[in-house]
Amino acid sequence: MEHLDCVVIGAGVVGLATARRLALAGRRVVVFEAEAEAGAHASSHNSGVVHAGVYYPTASLKARLCVAGRKALYTYAADRGIPHRRVGKLMIAVEEGEVATLERIAALGRANGVDDLVGLSGEEVKALEPDLEAVRAVLSPSTGIIDTELLLRCLKADLEAAGGTVELSSPVTGGRVTGGRITDEGIMLDRGVRATSVVNAAGMHAPDVARSIEGVQRVPDAHYAPGHYFAIVGPSPVRHLVYPMPSPGVAHIHLSLDPRGRARLGPDLSWTDTPSYTFDIERRAAFHRAVRRYLPGVAEDALAPDGVGIRAKLVPHGSSPADFAIEGPEVHGIAGLVNLFGIESPGLTACLAIADEVAARL
């Protein structure tokens with residue numbers, strides 16, 4: 001049995017960012033990834049938005065790590081030449097009854113340290129986006145987009161340059177902690193290795209991985225929330241990201257832009273016990289009802305299927321959103337092990353800050 005210094009399970013954007021951080025600190029890191037390529041799940045099935053940190057409860061991990069991670073990610077992208085743009089986001093109230101919600105969200109963002117939010121009247125919105133219908137808006141200039149594929153490549157390249165390795169098609173489905181604690185033999189995994197430190201960054205499969213390691217207790221149940229995306233065919237009708245306020249009876253659908261300038265709608269929200277990337281074209285009508293409230297010029301036949309993402313949720317349907325769960329020895333009592341649960345949005349934005357958080361707990 002080979003004795004390794006540090007194993008990271010999962011080569012998504014958070015796993016690679018964490019492995020890179022540990023390798024740059026002098027740790028000898030091996031990443032085990034179950035799929036044949038890095039970032040095969042959430043990291044490559046998302047909107048690619050760099051979030052400012054507006055929507056999350058103040059003092060939560062999501063708020064703190066999103067704000068710190070956004071700043072770090074923009075710096076990293078600039079240094080490594082990763083395509084990204086601070087296109088800005090318009091959070092809009094389509095009707096007067098939504099203004100109070102908009103103001104509450106803006107206040108939350110300011111409390112979280114997002115200090116560049118700008119309130120706009122309906123006339124000012126029209127001046128920025130002539131095709132957009134809104135009575136009020138808040139502009140978030142620091143919200144942007146990033147090329148997630150190149151981000152994954154750069155994180156992996158940095159890890160390998162620092163002496164780390166990524167083993168693809170290498171699932172970890174079981175292990176044991178010697179005597180329920182770390183000994184000289186470390187944490188034994190079914191890859192035929194034992195490791196001094198293990199980071200479980202397996203995304204939506206993280207609860208299954210944690211449950212397969214003997215001695216790990218208090219593992220949360222896995223809840224899966226698929227979200228569909230549609231692209232708007234042709235030139236984008238807007239230059240900013242557009243996030244409407246929730247409205248009763250209408251799907252809550254955002255508009256984002258990809259690095260090529262395409263407009264994308266989504267994700268919507270559904271729940272399942274068996275995650276699948278199968279696309280349901282019947283959702284197009286609901287998407288169109290949602291988007292025509294604020295972009296009435298978009299025709300239904302202009303919406304083209306653009307993929308499905310699956311969010312890792314810590315709570316079931318109907319529950320209030322949960323925070324990130326970054327659980328080190330202070331939670332489960334096993335030295336050298338950190339489990340990452342429920343790393344959904346803004347996980348991409350926060351990846352470098354999550355990596356710092358994990359390193360501090362090992």
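The values are calculated or read from the model by the stated rules, or taken from the named source; none is laboratory data. Bear in mind that the values here come from a model prediction, so they are computed numbers and not experimental data. Please note: Cβ atoms are built from the backbone with ideal geometry, for glycine as well, and neighbour counts cover all protein chains shown.
Taking the condition surrounded by fewer than 16 Cβ atoms within 10 Å (Cβ to Cβ), under 30 Å from Tyr74 (Cα atoms) and without any contact (Cβ under 8 Å) to a residue 40 or more places away in the chain, does Pro305 pass? Considered against the rule, which asks whether it is surrounded by fewer than 16 Cβ atoms within 10 Å (Cβ to Cβ), under 30 Å from Tyr74 (Cα atoms) and without any contact (Cβ under 8 Å) to a residue 40 or more places away in the chain, Pro305 comes out as no. For segment 277-286, the condition of being in contact (Cβ under 8 Å) with a residue 60 or more places away in the chain, surrounded by 15 or more Cβ atoms within 10 Å (Cβ to Cβ) and of a type in the set (Lys, Arg) holds for none of the residues. I'm checking my understanding of the structure. Among residues of segment 75-109 that are of a type in the set (Val, Ile, Thr) and farther than 29 Å from Thr148 by Cα, which one is surrounded by the most Cβ atoms within 10 Å (Cβ to Cβ)? Residue satisfying both the conditions and the ranking: Val94. Of the residues screened, Gly175 is one that is under 30 Å from Arg211 (Cα atoms) and small (Gly, Ala, Ser). The number of residues in segment 48-91 being out of contact with any Asp or Glu (no Cβ under 8 Å at 6 or more places or on another chain) and among the polar types (S, T, N, Q) comes to 2. Those strands (runs of 3 or more DSSP E) of segment 175-259 in which 2 or more residues are touching a residue at least 24 places away in the same chain (Cβ under 8 Å) and within 19 Å of the chain's Cα centre (by Cα) occupy 193-200, 223-232, 241-244, 255-257.
Among the residues that make up segment 151-158, is at least one of them surrounded by fewer than 16 Cβ atoms within 10 Å (Cβ to Cβ), within 30 Å of Leu4 (Cα to Cα) and modelled with pLDDT of 95 or more?
yes
Candidates in segment 110-127 are the residues that are touching a strand residue (DSSP E or B) at 6+ places or on another chain (Cβ under 7 Å) and in a helix (DSSP H, G or I); of these, the one that is surrounded by the most Cβ atoms within 10 Å (Cβ to Cβ) is Val125.
Among Tyr243, Tyr224, which is farther than 24 Å from Leu150 by Cβ and buried (at least 18 other Cβ atoms within 10 Å of the Cβ)? It would help to see each step written out before you state the result.
On the way: Tyr224 fails: buried (at least 18 other Cβ atoms within 10 Å of the Cβ).
Answer to the selection: Tyr243.
Taking segment 314-344, which residues are touching a Phe, Trp or Tyr at 6+ places or on another chain (Cβ under 9 Å) and either closer than 15 Å to Asn200 by Cβ or buried (at least 20 other Cβ atoms within 10 Å of the Cβ) (or both)? Correct list: Leu314, Phe324, Ala325, Ile326, Glu327, Leu340, Phe341, Gly342, Ile343, Glu344. Whether a residue is small (Gly, Ala, Ser) and either outside any strand (DSSP E or B) or over 30 Å from Ala23 (Cβ atoms) (or both) was assessed, and Ala312 does not pass this test.
So in segment 281-309, with the set limited to residues that are of a type in the set (A, V, I, L, M, F, W, C) and in a helix (DSSP H, G or I), which one is farthest from Glu133 (Cα to Cα)? The residue in question is Ile281.
Of all residues in segment 128-150 being in a helix (DSSP H, G or I) and in contact with a helix residue (DSSP H, G or I) (Cβ under 9 Å, 6 or more places away or on another chain), which is surrounded by the most Cβ atoms within 10 Å (Cβ to Cβ)? Break it down stepwise before answering.
Going through segment 128-150, the residues in a helix (DSSP H, G or I) turn out to be 128, 148-150.
With in contact with a helix residue (DSSP H, G or I) (Cβ under 9 Å, 6 or more places away or on another chain) added as a condition, the list becomes 148-150.
On the way: Thr148: 22, Glu149: 16, Leu150: 16.
The qualifying residue surrounded by the most Cβ atoms within 10 Å (Cβ to Cβ) is Thr148.
Against the criterion of being of a type in the set (Ser, Thr, Tyr), touching a strand residue (DSSP E or B) at 6+ places or on another chain (Cβ under 8 Å) and free of Cβ contacts under 8 Å to residues at least 24 places away in the same chain, Ser47 does not qualify.
Let's see how each residue does on (1) in the same structural domain as Gly347 (by TED's automatic domain parsing); (2) at pLDDT below 95:
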site	(1), (2)
Asp280	no, no
Arg284	no, no
His288	no, no
Arg293	no, no
Leu303	no, no
Gly309	no, no
Ala325	yes, no
Gly333	yes, yes
